[in-house]
Each structure stands twice: as structure tokens, then as C-alpha cells.
């Protein structure tokens, strides 16, 4: 296993990218090696366990969590991982298969405090909240500590706030940059492999981009991606993934994925902006005429101004929506939304008021006797109100979620990371509209694996050759429902639908609602 992995790693490193995360078979072999580690390979094996297995409900994460649970229970042992360290490693796995072993550790005296610390920092808890709260009510002090921590939103307050000043080197592309520039359609087969797919970024429009950004980063610069018009075209999470792989920061215990990059545009397309929010990036809209590649600029996030190396003001901006600062601090809009709901749930359970440290969105206020368009009424119904005005940040229930095949594998990865084992949206449909006629080898693999993945979570997977998703959904929908589609053209004319990238599609399916900034077009 070690020799095969090192050979694979060397092949990938030759391309300038890291090895793939471990698959379930590799994870199983790793756990066996950890029981009696070969001399001189201890640090290597421990790093694989901690950093090279995808979190959530990835199949390899199930193997990892089961092994660590065995260590906690004394059913297995490793000279490299003691029981406390096993709890600590479980605490980095975000949610899913690690949750029940951590809850069990709350009842083990010597592990309870460490388990409480691990659980307090997680938000992907779902129905396991009831198990922790039951222990809390039964008098378990560690469980009480966890619920009180969730109620106090320590999962959020323990993270650093958005820095007041950010110094970056500019990499600028003039003109319009669409998502096909970031994520070429001809390379769609590699989209689930973020580092590999990122090699195709800009290959026709800014082919020197990856090398230039990598050079500046090697010199120690934080690099901001800047463009006149950024992210138009199809709603591809892969486009944002590629940008963030170039300019972002590694995420501990989450292999081959990055966040926290700064993206600046004179115009940023709404879907791309939303995807950047969800991915933990910092998207900023401002005039970029006085910025050029190689400039070092300082972004003052409090004053809303940008200065050059000489201290001259070259642009001004407003952080909008106003919640972006909280989203960046939380690691993305998705963990912020899920975490806030967990905090509210814990506060209700404990009979406490919800904390006020979160930034509330600046939503428009309805006037007395306000009228609404049909679209506004439909979204309002999904939000439990009369209507939703344009510019409102809202969370409508999703009756239908559609996923198509060129982004479906990425959506599946996002679903795993969200620790989703069952869709909350009433209808989650996966189609194979684009790859059935002339499948590449990667498509054949997808056709054989993705349907079962969707079905296991009580979604509906069409067969290759069944046709496009539009016609299927139009046979099943009701006219007053709200849904979303996994690409700008994967929508449905019955009801109302909002296009989104694969990350938000996964969120809508897993949680049953969608984060939405009500578009002006719905007026």
C-alpha cells in the first residue's frame, strides 16, 4: 500500500498537484498498518490518517471513524494513536460517521472532556442533537457542556474575525471571464478532482495564470484574483473550485480543497458570487480600473477602501451582502447557515435567548398593503410568509432539486462533506443528460456508481438514455412549488426555480431548503 501510494503521489507531484485522497481500500490498509507500523514510516502513516482521508460520509471516512472508535473502546490499538488522540482526530472529521463514536466518548470519564471539545466545534449534527441533549438531560456534564457551547455559538466565536486589512498581490484578467474560462467544458470529466481540473483553468484565455499565481505564492504573497467581469455563464462550482485552488488556503483534514481566497470584480455574476460565498471565499465588487497584475494592494475591510503600495486610494467598496464577513469567518455561507440553526435549536432546548453576535441581513421592508408578483408569492409561500421582495436574503423550502451529470460527481462530493445520509428535499433527481450518448471512461464509471449513491439517500436516479431532466420534472411538479437545478439550463418552467452551483445543490438536497438572495428579475 505504501509503495503504491508513494508512486501515485510522485506521478501527481510531477503534475504539480497532490495525491488523491485515500479510497476505502487504502484506508483499510492504512488502519492495518497503524496497528504495527513499519519502522521509519510512523509520521507518514499518521499524516495519511489525519490529512488524506475525506471527511463527512465519504466511504473512506467510514473506515477511518470505525478504526478510531475501536481504539476508543479498546478493541484495537496503535502505538501512534492513543484514546485521547483518537477522539481528537474524530473531531476533525466535520460530521457523519464520527458523531456516534464521539457521543459514546461523552460517557467515558477520561475521554468526556475531549469529546465535548470536539463536538462543540461541529455543526453537521442533524438528528444526533437529540442524542446529545438526552445525555444532557440525564445529567451528563460533558453533554451539557456541548449543548451550552452550541447555544453560545462557540463553533463561530472561536474562529478569527475577518481581518481589518488584507494585503494581496493582484492577478488581473481584463475583460469578461466566464465560468468556461475557469472550468472548460472539454475538461468536465476531471471536475470532481479539484487539483487536476484546476490545471485547465484559463488555458485559452489566460494560459500563464496558474504558473504566475504559483510563482507569487511561492514568494510568500497572498494573491487576489481580479477581473473586470467575473464568473458569467453556466453555474459551475468547479469554476470557483479552480480559482480557490490557485489562490486559497488548505483546509485542515480536508484533502484537495481550499477556501479563503480573495476574488475582486468590477462585476461578479450572481451565481458565481453565491458559489464564492458558499465556498468560504471573500468576493468583493468594486472598480478595478486602477489595478493591474503584479500590484500589491491593501484592502481595508472596515473602511471599505483599497490602497496601492504608495498608500494612494485606488478604489472603494461596500461588503455586500452585509453578511459576507460572518460567512468568511465561519468558513462559508453553508456552515454559517447550518451553524446558526444548530445554535437556535440548542437555545430553544435550553430555554435561552438566541445570541446576537451574528450580522443580520439588510433586507428590504415591506410597506403596508404591499403587493407581490406571482414569483414573489411563490417564494413567500416556501418561506412561510405572504411574499418575498427582491434583494431579500431568504431560505425557501425546496420541493424539487435537480442534479445533472457533468456536475453530479461534484455534487456527490459536496453531499458527502455535508454528512448527508438522507435527502430532506422531497424530490432529488439525478439525470444523465449530457454523457449518455458518447460516454468517456470517467462517464462510464459515473454511470455505474452515481445512481446507487443517489438512491441510497432516497433520491431518484434516472438511467442513462432516459432523456433530459426538464421533461421528467415537468411531469412531477406542481405549479406553486420552488426548486433548484444543478446548472443554469437544468431548470423547469413549471413552478419557479433558481439555478445554483453544485455546492448549493447539495445543500438544498441535504437540508431541504436553499439560501437565496431574491433576484431583481422576480419583481
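What follows is calculated from the coordinates using simple rules that are stated; it is not laboratory data. All of these numbers come straight from a predicted model, not from anything done at the bench.
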- line: Long-range alpha-carbon pairs in segment 57-112, meaning those over 18 Å apart, account in percent for 22
- request: Let me have the 222 nm mean residue ellipticity of the chain computed from DSSP H runs of 4+ only, each contributing -39500 (n - 2.57), with the sum over all residues rounded to the nearest 500.
  value: -12000 deg cm²/dmol
Largest to smallest principal axis extent of the C-alpha atoms in segment 165-330, angstrom: 45, 31, 30
- line: Note on the chain, DSSP bridge orientation, antiparallel percent to nearest 5 equals 35
task: Calculate how many DSSP beta bridges within segment 374-522 are antiparallel, expressed in % of all such bridges and rounded to the nearest 5.
output: 20
- line: Mean projected area, convex hull of alpha-carbon positions in segment 320-462, reported to one decimal in nm², is 11.9
message: Nearest 5 percent is fine: what portion of the DSSP beta bridges confined to segment 165-330 is antiparallel?
response: 45
- prompt: If one computes P(r) from the Cα atoms of segment 137-228, what percent of pairs lie at distances over 18 Å?
  reply: 65
- prompt: In a Debye calculation with equal point scatterers on the alpha-carbon sites of segment 2-151 and no solvent, what is log10 I(q)/I(0) at q = 0.09, 0.11, 0.16 Å⁻¹?
  reply: -0.31, -0.45, -0.84
Segment 78-115 versus segment 426-454: alpha-carbon centroid distance in Å: 36
- prompt: What is the Cα convex hull volume of segment 251-308 when expressed per residue in Å³?
  reply: 120
query: Quick one, which of (1) 1.04; (2) 1.12; (3) 0.96 is the actual Rg/Rh (Cα atoms, Kirkwood Rh) calculated for this model?
result: (3)
- request: Express in % the proportion of alpha carbon pairs of segment 374-522 at distances exceeding 19 Å.
  value: 48
field: log10 of Debye I(q)/I(0), alpha-carbon scatterers only, for segment 211-264 at 0.28, 0.30 Å⁻¹
entry: -1.21, -1.27
